[in-house]
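The values are calculated or read from the model by the stated rules, or taken from the named source; none is laboratory data. All figures in this text were calculated on a predicted structure; none of them were measured in a lab. For neighbour counting, all protein chains shown are included, and Cβ atoms are generated from backbone atoms with ideal geometry for every residue, glycine included.
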Amino acid sequence: MTHYAVVAPTYPSHFAALQALAGELIERGHRVTFIHQAEAASWLRDPRIGFRAVGSQADGRGSLKQTLDLAANPGGPLGLRRLIGDLALNTQMLCQELPGAIQALQVDALICDQMEAAGGLIAEALEIPFVSIACALPVNREPGIPLPVMPMAYDPGESARRMYEGSTRVYDWMMGRHGRVLEAQALHFGLPVRSGLHEFLSPLAQISQTVAGFEFPRQALPAHFHHVGPLRPPLTGEADLTYDIDPERPMVFASLGTLQGHRFALFQRIAWACERLGAQLLVAHCGRLSDAQSVRLQEHGASWVTDFAPQRAALARANAVVTHAGLNTVMDALVARTPMLAIPIAFDQPGVASRVVHAGVGIKVSPRFTAALGIAERLEMLTTEPQFADNLDRLGSEVDAAGGIRLAAAIIEQAITTRQPVTEVRA
């Protein structure tokens, strides 16, 4: 038995993917403990998973709710600066708290989300093995590939390459406070000084929720990088839809994820668009709308409005999905072969949306400048033009065969057991 500790950023969607992976490792006889600030414990639904609280409000960080609210709606440059400051403080806290927690828990190895560099940094400092998990788009950098947070389409031309390089310099400048924390902590632990998330990845195994066919063309990923597809628990026992769906009318599922579900005006435009098309609309706002707002959405054309819906069941039934282009939703839509109207808002969503378009499995529109009529026109395209279904069949088949949590767990076990880079997974 190996005792794994999980280090992740403060986002529920990342916890959901890593929780599924933890469940598979526990099924294989291992022990798994998440280490984070106390409020994050509520995101864990599997009672077999351990949790160790670290940090306190006294270190200058706001509450987890404050950080998530800021992430959902940072506003202008000052809000974005505050958000980056919060991320920097959280990384600093983890760098300070992880060594003691890991030693007290007698942890054997770390599972580190790529988006929280503290995990890889501390694993290196303590000389314990670790693997890196890309729950969002991989942060691995490569010339000719835009960063995950950038909205650019893929273009192999030289002018596009220069644009990618310029946007990378802007990103690094904006993330300067976070980078300085990483530099200081690396210096403190006697490690080579580095400042980027991509510089703290595992030398043993790197695992991504994507598949190669969904990504922009990559040429320089390390040999120990593995596309395994979505990290999800088995479908066994998942709730089905209980709504009275008319099989003669198209159905649209709309979700903006756990952080963006408060955007009533955007949901309103989606409802108007579906009403114009004569389509049924299921809205899942993840608990971010009031009861009064839910009623108003139904008055404006939504068929059903709920806090949470069984997403995979909803996608399997829907003729199209309107999504914020969160990677979890996009991967689930590929499995269900559901065409996507991507409305990216923050984080890596613009990059995910660009890949949705590049793969030919959906359309991207602006959350600010696309009116209800534009949404309706694109939903009609998604449900009537055959190329989307053809591309979804191709890419969905790749996702089906990717391996998911079982392959990811096998890679982790092999990496930690052998302490060697996993370039091929043993049978």
Would you point out which residue out of Ala342, Ala320, Ala333, Ala409 is modelled with pLDDT of 95 or more, in the same structural domain as Ala22 (by TED's automatic domain parsing), at negative phi and in contact with a helix residue (DSSP H, G or I) (Cβ under 6 Å, 6 or more places away or on another chain)? Ala409
Look at region 132-154 and say how many of its residues are in contact with a strand residue (DSSP E or B) (Cβ under 6 Å, 6 or more places away or on another chain) and among the β-branched types (Val, Ile, Thr). 1
Candidates Arg141, Arg81, Arg162, filtered to the one that is of a type in the set (D, E, K, R), in the same structural domain as Ser195 (by TED's automatic domain parsing) and in contact with a helix residue (DSSP H, G or I) (Cβ under 7 Å, 6 or more places away or on another chain): Arg141
Would you point out which residue out of Gln96, Gln106 is under 20 Å from Glu413 (Cβ atoms) and not assigned by TED's automatic domain parsing to the domain that holds Phe347? Gln106
Only one of these conditions is not met by Arg317: (1) within 19 Å of Cys135 (Cβ to Cβ); (2) charged (D, E, K, R); (3) touching a strand residue (DSSP E or B) at 6+ places or on another chain (Cβ under 7 Å). Which number is it? (1)
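Hey, among Ser195, Ser167, Ser208, which residue is surrounded by fewer than 17 Cβ atoms within 10 Å (Cβ to Cβ) and at pLDDT 95 or above?
Only one candidate qualifies: Ser167.
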Could you list, in sequence order, the residues of region 11-25 that are of a type outside the set (A, V, I, L, M) and touching a strand residue (DSSP E or B) at 6+ places or on another chain (Cβ under 7 Å)? His14
Give region 117-147 a look and list any residue that's buried (at least 18 other Cβ atoms within 10 Å of the Cβ) and either in a loop (DSSP other than H, G, I, E, B) or modelled with pLDDT under 95 (or both), or say none. Pro129, Cys135, Ala136, Leu137, Pro138, Val139, Asn140, Gly144, Ile145, Pro146, Leu147
By residue number, the members of region 295-318 that are in a helix (DSSP H, G or I) and under 22 Å from Leu68 (Cα atoms) are Gln311
Taking the conditions exactly as written (modelled with pLDDT of 90 or more, closer than 29 Å to Leu191 by Cα and surrounded by fewer than 21 Cβ atoms within 10 Å (Cβ to Cβ)), does Met93 satisfy them or not? yes
Return yes or no: is Thr242 hydroxyl-bearing (Ser, Thr, Tyr) and closer than 20 Å to Ser13 by Cα? no
For region 273-287, name all the residues that are over 20 Å from Val365 (Cα atoms) and either out of contact with any helix residue (DSSP H, G or I) (no Cβ under 8 Å at 6 or more places or on another chain) or surrounded by fewer than 19 Cβ atoms within 10 Å (Cβ to Cβ) (or both). Gly278, Cys286, Gly287
